[in-house]
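Working notes, structure below.
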Amino acid sequence: MRQLLITVGLVLLGLGIIWPWVGRIGLGHLPGDISLRRPGLALYFPFGSSILVSVVLSLALTFVFWLFRR
């Protein structure tokens with residue numbers, strides 16, 4: 001449990017460090033992201049960005065777990 005918490009903490013730290021550059025590459029404005037703007041209402045559903053982040057994180061975690069098993 002301790003190793004898992006340390007790994008999650010390091011991943012969050014890494015994401016916090018690269019966060020300023022994430023906006024510059026266009027994450028959040030991908031096809032599939034829905035943005036509704038009306039007077040007095042703004043809704044944003046980042047479906048495309050969520051799928052991309054999910055796939056990248058799944059691949060990264062699969063690789064990390066594969067390294068720990070060796």
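Rule-based calculations on the coordinates, nothing more; no lab input. Note that this is a predicted model, so its numbers are computed, not measured. Reconstructed Cβ throughout: ideal geometry from the backbone, glycine too, with neighbour counts over all protein chains shown.
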- prompt: Taking residue 58, is it of a type in the set (S, T, N, Q) and assigned to a strand (DSSP E or B)?
  reply: no
task: May I ask you to say which residue of 58, 35, 54, 50 is touching a Leu at 6+ places or on another chain (Cβ under 8 Å) and either surrounded by 10 or more Cβ atoms within 10 Å (Cβ to Cβ) or in contact (Cβ under 8 Å) with a residue 60 or more places away in the chain (or both)?
output: 35
query: Looking at this structure, is residue 30 surrounded by 10 or more Cβ atoms within 10 Å (Cβ to Cβ), hydrophobic (A, V, I, L, M, F, W, C) and in contact (Cβ under 8 Å) with a residue 24 or more places away in the chain?
result: no
message: Pairs please, first residue from segment 4-23 and in contact (Cβ under 8 Å) with a residue 24 or more places away in the chain, second anywhere and assigned to a helix (DSSP H, G or I) and surrounded by fewer than 10 Cβ atoms within 10 Å (Cβ to Cβ), Cβ atoms under 8 Å, 6+ apart in sequence or on different chains.
response: none
